[in-house]
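Colleague: So that we are looking at the same thing, I have put the structure below in structure tokens.
Bear in mind that the values in this text are calculations on the coordinates, not laboratory data. Bear in mind the structure is a predicted one, so any value in this text is a computation, not a measurement. Cβ placement follows ideal geometry from the backbone for every residue including glycine, while neighbour counts extend to all protein chains displayed.
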Amino acid sequence: MLFSLIVLYFYLSRNNKTMKQFSPEAEQVHFRASNLTILNISCFVLSLITIIFFFQPLKNVNLPQSLQFLKNPQFTPIGNQLDLAIFLGFWVVYGLTVILGRTRQSARTTPESDSGQPYGQPTGLSLQLPPFHLSWYAAIETLKTPLTALFGVGVDNFASIFTRVKDFAYNQSSLWQINSFAVSRSTLLHVFTETGLFGLLAFGLLIASLLRKTIVYGQGSALSLQTRNNTNKFIIFYILFFILFFPPSLPIFFLFFMALVLNLKPQTLNLDDTTSEIKIFNLSDFMPIYIGVLTVSFLFIAGAGYLLGRSYATEYYFKKSLDGFAKNDAKQVYDNMRQAIILNPYIERFRINFSQTNLLIANNLASKKPEEITDQDRQNISQGIQAAIAEAKTAVSLNPQKANNWENLAIVYRNILNVAQGADVWTISAYQRAIVTDPQNPIYRLNLGGVYYSLANYEEAVKWFEQAVGLKPDWANSHYNLAWALYQRKDYQRATSEMQNASQLVDPKSEDFQKVQKDLEEFKKMLPKEEATAEGELKPGELSLPTPPVATFEPKIKLPEEASPGASQP
């Protein structure tokens, strides 16, 4: 993305020569108009599409599953409502400043208009943004080691450091079920976190160049110079505001580079002036250089086109696999997802989805009645399980710092507890690695406690459930699971107390409340008569005890050692 924007910038900045027949002010207007014509048209089309879909013209049309998104009133080709607001808002602000600037330049006396807000917040905006203080902590975390301080944690690797800086307060917020965010709250902090001081320095130089061009901006009359500066200041303020306080996205970077282009001073070309500083060389007069430039350019374009083509084909096949889920066509899902991975084997989400697909196929076969499972079925189950494990481990090897990758591997192992030998040990190991990479996540501890609970190891289950409760005391399900683990361990007094805590955290109108009250009555039967039940203010929650996988048959499949989480990938 950034490479494409840099190419666009250099193309536009080199294509900014005007003839000397214009005044300096006219040169700037001509240069900006030539660069903004197509962009203004695209902005108009985008606005038109947004308005049309707001009224849901396809609401009552019978569309295939793959096109159901066209019924969404918030559909936008640009990605999401926040990016749409930022993009359209920029052009509104810029358009107003240009109109006002032209009015002042022509010395027309017209009443000043109150433009109001350039745009309103889109209705139904439901984007979840990471907390600003955690984004700041993530940036500071990179300074702890020289390597990350200089080069950052790596592109597309913000999620790994976010899980390391999450604090107790995050678990008490409404965002706690979001394990990690892929981007920082601030574009500037995101650049610093992922690319380190070198990346921040490069980005800072671009910002400084933008500010310098706003302050020192060519020659011209005092009025026109002031008008241009006022226009530029509006643009700079708008862009820097979103760079400082909003997550990075393609529209933000695109607008930033366009601001750089719009603030260029056009180079003046005077064909009648033989002393012009601009010199033109005809490379055809230097045949070896000419051929070399053509060859390099052709190879570059061909290579870039090939890689972009593969990238597009990868996303196309992955989309077709998702369409197969909607049609309940397992063959379409499997074949297209496999083809997507062949075209681009380095995308983690493809590997994770493919591991779940193989696991689903294996579980469907294993869920047959024992007398219906043939030797061929057992072989297919074994191959499906090994493929699911291999894909999950590949996702881990692509980025072992992401807790979600370890969680996916643990889920694969957990789903084959009753099918494969040694899966219990591997499940525990994978969950422990997930906990190491995301130490403030109560969900991983609850799931690990659930594994021990299903294995009847109640001592370890109590230990991990207690840690889940400690990380998020207002989570009803952690108290509920801890209560049952204590009950199984015959610690009835503590079990009753935890069940009472769970009763205070569920909605009294929900089925969960009826469930917890019934369990609490059973627990109280194991206590002396004088023990009482505490009731308090109730909040919504979900209660569920850990359950082992449904699919099971004997004898269990013996997987190779390569299937263990610690074994290296071939």
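Colleague: Going by the alpha-carbon gyration tensor, a ≥ b ≥ c the square roots of its eigenvalues, is region 413-490 rounded (a/c under 1.5) or, if a/c is not under 1.5, prolate (a/b greater than b/c) versus oblate?
Modeller: Oblate.
Colleague: Let me ask something else. Would you please give the residues with an amide H less than 5 Å from that of residue 420, counting only those at least 5 places away or on a separate chain, with H modeled from the backbone geometry?
Modeller: 557
Colleague: In nm, give the distance between the simple-model label positions of residue 250 and residue 157, each being 7 Å from the Cα along the Cα-to-Cβ direction.
Modeller: Going by the 7 Å Cα→Cβ label model, 2.5 nm.
Colleague: Hey, fewest Cβ within 10 Å first, where do 413, 9, 453 land in order?
Modeller: Ordered by Cβ neighbours within 10 Å, fewest first: 9, 453, 413.
Colleague: I would also like to ask the following. Determine the shape class of region 125-166: with a ≥ b ≥ c the square roots of the Cα gyration tensor eigenvalues, call it rounded for a/c under 1.5, and otherwise prolate if a/b is greater than b/c, oblate otherwise.
Modeller: Here region 125-166 falls in the prolate category.
Colleague: With just the Cα atoms defining each centre, how far is region 288-349 from region 147-186? Give it in Å.
Modeller: A separation of 29 Å, based on Cα centres.
Colleague: OK, next. Order of 237-245, 372-380 by packing, highest average Cβ count within 10 Å first?
Modeller: 237-245, 372-380
Colleague: Most exposed first by the Cβ proxy, i.e. fewest other Cβ within 10 Å, how do 393, 369, 524 rank?
Modeller: 369, 524, 393
Colleague: What FRET efficiency comes out for the pair residue 177/residue 295, r = Cβ-Cβ distance, R0 = 45 Å, nearest 0.05?
Modeller: Working from the Cβ atoms, E equals 0.25.
Colleague: Is the shape of region 148-190 rounded, prolate or oblate, going by the alpha carbon gyration tensor and its root eigenvalues a ≥ b ≥ c, with a/c under 1.5 for rounded and a/b larger than b/c for prolate?
Modeller: It is prolate, given that a/c is not under 1.5 and a/b is the larger ratio.
Colleague: Sticking with the crude label model, points 7 Å out along Cα→Cβ, report the distance from residue 397 to residue 39 in nm, one decimal please.
Modeller: 4.5
Colleague: May I pose another question? Give me the one-decimal nm value for the distance between modelled label points at residue 233 and residue 383, 7 Å along each residue's Cα-to-Cβ direction.
Modeller: In this crude label model, residue 233 to residue 383 measures out at 7.1 nm.
Colleague: Also, quick follow-up: Applying 1/(1 + (r/R0)^6) with R0 = 25 Å to the Cβ-Cβ distance of residue 457 and residue 436, what FRET efficiency is obtained, to the nearest 0.05?
Modeller: Result of the calculation: an efficiency of 0.75.
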